[in-house]
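Please read the structure below before turning to the comments.
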């Protein structure tokens, strides 16, 4: 039997084993075509079925209606930091951004090259340990859009509500919690996500964009940088990241097989709950995010000393639990438990945490 | 045994079987790490080795010295159509482009959004059936750069010389002939290629760029759109297309194992020669590109009637030879025979061509 790491990486991250096994089975000869998905013309019927199938499954899962287009782009969330303002910041020439961490800050920096950015809310002064509440947001009703980062991998915080933005389109970087729970797409003008957490491998990004939001972009920007270009061609304007889209399609089908986003949410709440129960004892382990803002996907915590944290990471690694070291800006430990992390993986971690505390507490 | 198509697709295209088999073997558990390459943190030692290994192998194959950086980007050649002018068109604010086909024309259209484009040569009036000679080029010595498309997949033409451009940086879209033969990198300021012909799967693009050429870009463009950003971070500014880069590394090692680019050239000349020998009889089959400009990679040809062309494609397909239909703008047949097309595949095609001519000629 294949050895399987219990992989707590924040991204690229663990994928469902059954997806990997199916991809392996079909890698050289995809379903009798005599070729790999990596060798298929992106204009062939076989690839078309893969491509349209992935779009259709995502549309069902996200309950996205016709007013939204589902796009597969490249360049990750980082390119979206530029594409969003290049396409949308063209009426008021200013946008509102809520700063909830390092990734928000990067989005803000890129938008600032295109137009005026207002900080409509921030938890920077509190080391990004929480999400600002609606009544703390200072929203400009004439902004071109409002941008939030729904889950913050580094700080382990996640928006527990969708902000009310009136008629201003809400734009969200959903890279690290997309598909972890149901999402009300009618509230969003545009969401975007790098695939490498809950969707599939790195190298493709998902954009779901309302049709009226696409109309704002000037034709003077590069064709590849305009959402409209890709929407008009069903993400086949140029050769897409076929293999990555294929895997995203398999992952989406796997999520459906698990019962869809409601089931994912229940499973994710249960898994995160096992770890938060330990942190809530506030004894040996200490969570860094505030309770009302904690993430279901990324759980950072500290131990009494940095020396114990180093031992924790080393001993966990020796038992097959990898990538538990926290981000350098927060320190400590971080357990990323995306959809594909099995409950048994979290149980193994929790048992290890209890044993480690017993020995060193 | 796995059925294997003889895949003449212009791209995404055939990959070496041994590469696919190695990728399949390691797909679920990469060399004892307990995880797939698709699940690895891009900051992990295991991925680092893959990433740096791919860069190093390409550097050896292309004989690129330190003055060039080797980058893995996303968005294909199409995004490069915009990135090249956004980064380079900032002194004279004009550039020379040689128009040798549909892909050149797309590059020209995107550059025209950034600055002034001069057409320094064109074979458009001759239906792109040949490459303009050096003495036909009208080059501007003060241009910011000169852009060529070294191989034109649709028309089956390929530059058989590197144009002399003096001190003006030469920029080339080498998407469809990179690694098919040795290249003198000292003559190029920047080359770029979508991977999906001779390098690997779609979803990653290779850029080889001279350091001084990177310096031209203004800091006002998006970070992801600046070559400098990626060069400074070794293509790890954000999460790269890890899986696609992994496959590119395997393909590059395969090319080395075949004896490098000199060997590839000999093999490609031999393979193309088999087909051109038939076209040169100028009887039943008729090549569309002019002899001095014909491509080693893509060979378009016509049959006496469109009805015979349809039968040719259908009967070839029934014998396992796929994607032989020519591009709609040229019609007829097109055989794309990239590095990974085995000699036996071309021999099968040639035998089929002879038999088809015998029956219908």
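Any read-out appearing in this document is the output of simple, stated calculations on the displayed coordinates, not a laboratory observation. Worth saying up front: this structure is predicted, and the values here are computed from it rather than measured. So basically every Cβ, Gly included, is an ideal-geometry build from the backbone, and we count neighbours across all protein chains shown.
Summary of values
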{"quantity": "Copy-to-copy label separations for residue B:162, where each label sits 7 Å from Cα toward Cβ, in nm and ascending", "calculated": "5.5"}
{"quantity": "Label 7 Å beyond Cα on the Cβ vector: residue A:315 copy-to-copy distances, nm", "calculated": "7.5"}
{"quantity": "Per-residue average of Cβ from other chains inside 10 Å of B:220-228", "calculated": "5"}
{"quantity": "Long-range tail of P(r) for segment B:93-223 (Cα pairs > 20 Å, %)", "calculated": "44 percent"}
{"quantity": "Largest-first principal axis extents, alpha carbons of chain B, Å", "calculated": "63, 57, 31"}
{"quantity": "Within the protein assembly as shown, percent of DSSP bridges classed antiparallel, to nearest 5", "calculated": "55 percent"}
{"quantity": "Cα-Cα P(r), segment A:6-52, percent of pairs per 10 Å interval", "calculated": "24, 41, 26, 9"}
{"quantity": "Rounded to whole Å, sorted largest first: equivalent-ellipsoid semi-axes of segment A:35-78, Cα gyration tensor", "calculated": "22, 15, 8"}
{"quantity": "Teacher prompt: residue B:25 distances to equivalent labels in other copies, 7 Å Cα→Cβ, nm", "calculated": "2.2"}
{"quantity": "Span from the segment A:306-331 Cα centroid across to the segment A:345-360 one, whole angstrom", "calculated": "13 Å"}
{"quantity": "Cα centroid of segment A:133-207 to Cα centroid of segment B:69-129, whole Å", "calculated": "36 Å"}
{"quantity": "Nearest-0.05 FRET efficiency for residue A:215 and residue B:351, computed from C-beta distance (R0 56 Å)", "calculated": "0.55"}
{"quantity": "Footprinting exposure proxy for A:93, B:290 (fewest neighbouring C-beta atoms within 10 Å first)", "calculated": "A:93, B:290"}
{"quantity": "Computed log₁₀ I(q)/I(0) - Debye formula, equal Cα scatterers, no solvent, segment B:245-302, q 0.13, 0.21, 0.25, 0.29 Å⁻¹", "calculated": "-0.46, -0.80, -0.95, -1.13"}
{"quantity": "Separation of the residue A:49 and residue B:49 label points, Cα + 7 Å toward Cβ, nm", "calculated": "3.8 nm"}
{"quantity": "Segment A:261-360: Cα Rg divided by the 2.2 N^0.38 Å rule of thumb", "calculated": "1.01"}
{"quantity": "Chain A: most fluctuating residue of A:98, A:251, A:37 per GNM, C-alpha cutoff 10 Å", "calculated": "A:37"}
{"quantity": "A:337, B:70 arranged by Cβ crowding within 10 Å, fewest neighbours leading", "calculated": "B:70, A:337"}
{"quantity": "Per-residue mean of C-beta atoms belonging to partner chains within 10 Å, peptide A:109-116", "calculated": "2"}
{"quantity": "Kirkwood Rh, Cα atoms: Rg over Rh of segment B:1-154", "calculated": "1.07"}
{"quantity": "Equivalent ellipsoid dimensions for the protein assembly as shown as semi-axes, Å, which come from the Cα gyration tensor, largest first", "calculated": "46, 29, 23"}
{"quantity": "Candidates B:132, B:16, B:218: whichever shows maximal mean-square fluctuation once chain B is modelled as a Gaussian network with Cα springs under 10 Å", "calculated": "B:218"}
{"quantity": "Kirkwood hydrodynamic radius over Cα pairs of segment B:183-277, then Stokes diffusion coefficient at 10 °C and 1.306 mPa s, in µm²/s", "calculated": "102 µm²/s"}
{"quantity": "Shielding score for B:13-20, defined as the mean number of other chain Cβ atoms within 10 Å", "calculated": "3"}
{"quantity": "For chain A, built as a Gaussian network whose Cα springs stay under 10 Å, the top-fluctuating residue of A:268, A:339, A:198", "calculated": "A:268"}
